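The values are calculated or read from the model by the stated rules, or taken from the named source; none is laboratory data. All values reported here derive from a predicted model rather than from experimental measurement. All Cβ positions, even for glycine, are placed from backbone atoms using ideal geometry, and neighbour counts span all protein chains on display.
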Amino acid sequence: MSEHEHGSMDVYDQEKTYHGFLKLGKWTAIICVAILVFLAITST
């Protein structure tokens, strides 16, 4: 079995997925807030 060398793994795909997840979470929150604001304005 080969020795593991700390920091030698290519994590480009993991970073890309993580940044995509953060972008999805950000836009989901923005859309939810926009819907709540729209509902608050139009339901009065």
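Under the condition of being assigned to a loop (DSSP other than H, G, I, E, B) and among the aliphatic types (A, V, I, L, M), which residue from the chain is modelled with the highest pLDDT? Among those that are assigned to a loop (DSSP other than H, G, I, E, B) and among the aliphatic types (A, V, I, L, M), it is V11.
Against the definition (among the acidic types (D, E) and loosely packed, with under 10 Cβ neighbours inside 10 Å), how does E5 come out, yes or no? The answer is yes for E5.
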